[in-house]
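Beneath this line is the structure, given in structure tokens, with notes to follow.
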Amino acid sequence: TRSGVPYLIAAVFYLAVATAFWARERSRWSTFAYAMTGYFALSVAIQAFSQMPDVFVWLSLQSLLVVATAVWFQSRFIVTANFIIYIATIIGYLAVAEAGSGISFVFGAVALGSARILSWQKDRLRLQTELMRNGYLLCSFLAFPYAAYHLVPSEYVSISWVLIAVFYYLMNLVVSSPKYRWMGHGTLIGTVLYLVVVGIIQLKPAYRILSFIVLGVVLVGVSLVFSIIRKRSAAGMGEAEKAEGPVGSGKE
């Protein structure tokens, strides 16, 4: 572990220099160069301190740290570079680690966190981050079902995917972003395909029936909830139009 200490010290030093350049001079290129050097040194330190496959957990968490600091630096270059490194980390994990290690859940959580940070701070960042947010959301959309498929017993895979879809629907209600609603729809569609293609053949009748019941209940519940929301939204718009009255009816 001692071999990682110099790199950790170097990471702190270069990130401090990057912060100083940004605070005093607002130099984007100097900040980018020093910050990326610090992130690289931190990655080397993480690899020195960690063992396989835990190193991928810490590297993915570092990605979340980089996104947060990139927002403060207002650097689209750091955001873009970090996303590429994040994808490379996932590829490295798939190449050398066991699929059932559960680290895919961490990748999904980091992707969701990164997408939320970019969404919360998009005005501060002063750049179009829609593509990056969509990329992170796509990673989480794939990572969670992938992790559940390898970790959960085969009898409960479809139920776990339904729970993931419910989580996305709850996120949609909390942050009012239709993207999470579409992620929930996509996960439910994947669940249906899994049950039709795999479940009917491999699952025992009891688990197959249970899976279809859970899926059906969630589908009906989601349909009712969104129908109520749409009706309330339409009623609110109607009341607002009545309150405003017809255009041009005011006296001159």
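The values are calculated or read from the model by the stated rules, or taken from the named source; none is laboratory data. Keep in mind that this is a model prediction, so the values were computed, not measured. Here the Cβ positions follow ideal geometry from the backbone for every residue, glycine too, while neighbour counts run over all protein chains shown. Keep in mind that these areas ignore ligands, DNA and RNA; they rest on the heavy atoms of the full protein, side chains included. Shrake-Rupley method; radii C 1.70, N 1.55, O 1.52, S 1.80 Å.
Here are the numbers for this structure:
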quantity: In the stretch 53-67, the residues that are aliphatic (A, V, I, L, M), open to solvent by 10 Å² or more (accessible area, probe 1.4 Å), in contact with a Gly (Cβ under 9 Å, 6 or more places away or on another chain) and touching a residue at least 40 places away in the same chain (Cβ under 8 Å); calculated: L64
quantity: Matching residues, the stretch 149-161, being surrounded by fewer than 22 Cβ atoms within 10 Å (Cβ to Cβ) and in contact (Cβ under 8 Å) with a residue 40 or more places away in the chain; calculated: H150, L151, S154, E155, Y156, I159
quantity: Checklist (1) in contact with a Pro (Cβ under 8 Å, 6 or more places away or on another chain); (2) touching a residue at least 40 places away in the same chain (Cβ under 8 Å); (3) aliphatic (A, V, I, L, M) applied to I164, failing item; calculated: (2)
quantity: Pair list, Cβ < 6 Å and 6+ apart or interchain, from the stretch 76-96 residues that are of a type in the set (S, T, N, Q) to residues that are assigned to a helix (DSSP H, G or I) and open to solvent by 20 Å² or more (accessible area, probe 1.4 Å); calculated: T89/L59
quantity: Candidates R24, R28, filtered to the one that is farther than 27 Å from L151 by Cα, touching a residue at least 40 places away in the same chain (Cβ under 8 Å) and open to solvent by 80 Å² or more (accessible area, probe 1.4 Å); calculated: R28
quantity: Only one of A35, A16, A20 that is farther than 30 Å from G102 by Cβ and touching a Leu at 6+ places or on another chain (Cβ under 7 Å); calculated: A35
